[in-house]
Amino acid sequence: GAGQRAVGRGVSYSEAVPGDIICYPGHVGIYIGGGQIVHASTPSGGIKIGSATFRQIITVRRVVG
């Protein structure tokens with residue numbers, strides 16, 4: 001979480017492209033395009049796809065590209 005907020009370079013959510021990391025309070029997702037992220041839900045829920053704006057976005061980080 002917190003360590004990933006400093007990697008790569010910051011971009012705005014409107015500039016997000018698939019592969020960017022989106023950091024939320026206490027949570028991280030990977031942007032997959034179309035306003036969606038893939039993220040770890042719960043141990044029982046597993047990996048899910050959901051809305052990138054389901055929580056307040058702290059930062060969007062571009063690590064490659």
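The values are calculated or read from the model by the stated rules, or taken from the named source; none is laboratory data. Predicted, not measured: the structure shown is a model, and the values here were computed from it. The protein model used for the area step is the full one, side chains on, heavy atoms only, and it has no ligands, DNA or RNA in it. Shrake-Rupley method; radii C 1.70, N 1.55, O 1.52, S 1.80 Å.
Springs between alpha-carbon atoms under 10 Å, Gaussian network over the chain: tell me which of 32, 22, 47 tops the mean-square fluctuations.
47
In terms of modelled amide H atoms, which long-range or inter-chain residues lie less than 5 Å from the amide H of residue 36?
The answer is 52.
On average, how much accessible surface per residue is there in the chain, in Å², for a 1.4 Å probe, leaving out ligands, DNA and RNA?
On a per-residue basis, the chain sits at 59 Å².
What percent do you get for the relative contact order of the chain when only Cα pairs under 8 Å and 6+ apart count?
Over the chain, the number comes to 41 percent.
From the square roots a ≥ b ≥ c of the eigenvalues of the alpha-carbon gyration tensor of the chain, which class results: rounded (a/c under 1.5), prolate (a/b over b/c), or oblate?
prolate
In the chain, what percent of the accessible surface is made up of carbon and sulfur (1.4 Å probe, ligands and nucleic acids excluded)?
Exposed carbon and sulfur together represent 57 percent of the surface.
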